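One structure below.
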Amino acid sequence: MTSEKITALTVAQLSRALSARELSARETAEAYLQAIDHKEPQVAAYLSVLKEDALTAADEVDALRAKGEALHPLAGVPAGIKDNICTRGVRTTCASRMLEDFVPPYDATVMEKLHDAHVITLGKLNMDEFAMGSSTENSHFQVTHNPRALDRVPGGSSGGSAACVAAGEAAFALGSDTGGSIRQPAAFCGVVGMKPTYGTVSRYGLVAFASSLDQIGPLTRDVRDSALVLSAIAGHDHRDSTSVQMETLPYLSRLEEGVRGMKVALPKEFFGEGLSTPVRDGILAAAKTFESLGAEIVEVSMPTLSHALPAYYVISSAEASSNLARFDGIRYGYRASGCSDITELYKKSRSEGFGPEVKRRIMLGTFALSSGYYDAYYKKALQVRTLVVNDYNRIFEQCDFILSPVAPTAAYRIGEKTQSPLEMYMGDVYTVPVNIAGVPALSMPCGSDGDGLPIGMQLIGRPFSEPVLYRAGYAFEQAAGKKEEC
């Protein structure tokens, strides 16, 4: 099998070929490393490539299979990892000068799980610095390009994760989602992104942006792959106090049960001013597809939508201000030189170590938490958070899931919004309510605009309803595939 054919396989297809020994893990790793060598000059998704480590791990998988050992379905499958997930002995930079030389002495829980499954780690992926951004233009090291159109952004902050999957530089990738950072780049790059229910996947070893919002999730080529990867990384972790202790959900076993009899909510507020015509048409066409599959479309209202975005930026910036206080130039990370006293060391280390977007959010968060403003901003944002949760609960009393856009437009040009942070923030209007409420959401392609750029739709469910979202997503994917064949 040629390298191009190997890298065109889905995770499920690779798993079957590897298990049947039609492919070796080394052949697979070499094919992806070759793709990285060929495509990285244009895409720039990786901050580091672990060539020797990947080949060594692949040889170990082949040796275990030769002995006849039963291995995990993901054994030998190559993956890329967002660079805010700690990897023992491998640089974890968060795409920041502050952590440019940081090498963690331990693995994140998700990495332990991937190692136990014998997944091949190809390298660490570019991102917006400390996961703050929506375009992967805020990285200290490089700008990642969208493989669907190299002059466009891949989205963010998990832009490297989405781009490497779309470019065939990894079979799947892990990202993190604080306000849409998995789903929006998945939509921009035309791949599938899952933001799981808060507490489903351990955050131990994820460098925190906003602790009450962050969640690790997979980016894959299709829905089945997403369910397969989430099955491997989900589960309780005693080291993460926010990790939920519950039985493993049937992410894969109910995949093909369809949507007949389900009720799909369409919140009218999601189709207001700012939504581009191609995205609107794509979402409404998706609603008709669900209807043709036996689902019922129900128009609902979510009046808190307009308040969710400002509440999110107050909450996330406040938590970022607190979480990033540890980077002081003393214990680890970047340390400025030529300082006369400790106060100057703090100031210079943080001024030189953090980029403009990170500084902007630290200042916003510090202000929101300051004496005299706490009640006016942070406390009010928490009250809005409760209202958002109530809105979702009310909708889920009558509907199985919500259908909405992921972003107001398809991918925009690199540099187009860098001078307008507020405009870029507004692009998160459809994704941030999900993180505020802690519910799961699946982003997947549902068409393209006039320039051939992918359009993403978002399926939002009640807590721990990932199996329902996967069923709906898979049903849509199959229906869309049959339309293309016609």
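The values are calculated or read from the model by the stated rules, or taken from the named source; none is laboratory data. These numbers come from a predicted model, not from an experiment. Counting neighbours? That spans all protein chains shown, and the Cβs are built from the backbone with ideal geometry, glycine included. What goes into the accessible areas is simple: the full protein's heavy atoms, side chains included, and nothing from ligands, DNA or RNA. Shrake-Rupley method; radii C 1.70, N 1.55, O 1.52, S 1.80 Å.
Here are some notes:
- Share of carbon and sulfur in the accessible area of the chain stands at 50%, probe radius 1.4 Å.
- Residues in the chain average 39 Å² of solvent-accessible surface per residue, probe 1.4 Å, ligands and nucleic acids excluded.
- Gap separating the Cα centres of the range 396-445 and the range 290-360, nearest whole Å: 17
- When the Cα positions of Pro73, Tyr430, Val223 are compared along the charge dipole of the chain, Tyr430 comes out farthest toward the positive end, with charges on each C-beta of Lys, Arg, Asp and Glu.
- 30 Å Cα-Cα threshold exceeded, pairs from Lys51/Lys348; Lys39/Lys417; Lys5/Lys113; Lys348/Lys379; Lys82/Lys347; Lys124/Lys288: Lys51/Lys348; Lys348/Lys379; Lys124/Lys288
- Separation of alpha-carbon centers, the range 98-120 and the range 206-264, rounded to whole Å: 19
- Probe 1.4 Å - accessible area at Lys288, Å² to nearest ten: 140
- Given in Å, the Rg to one decimal and the Dmax to the nearest whole number for the Cα atoms of the range 1-121 are 14.8, 46.
- Mean ellipticity per residue at 222 nm, deg cm²/dmol - from DSSP H runs of n ≥ 4 across the chain, formula -39500 (n - 2.57): -12500 deg cm²/dmol
- Pairwise FRET efficiency - Asp37 versus Asp451, Cβ, R0 = 30 Å, nearest 0.05: 0.55
- The chain: proportion of alpha-carbon pairs further apart than 44 angstrom, %: 9
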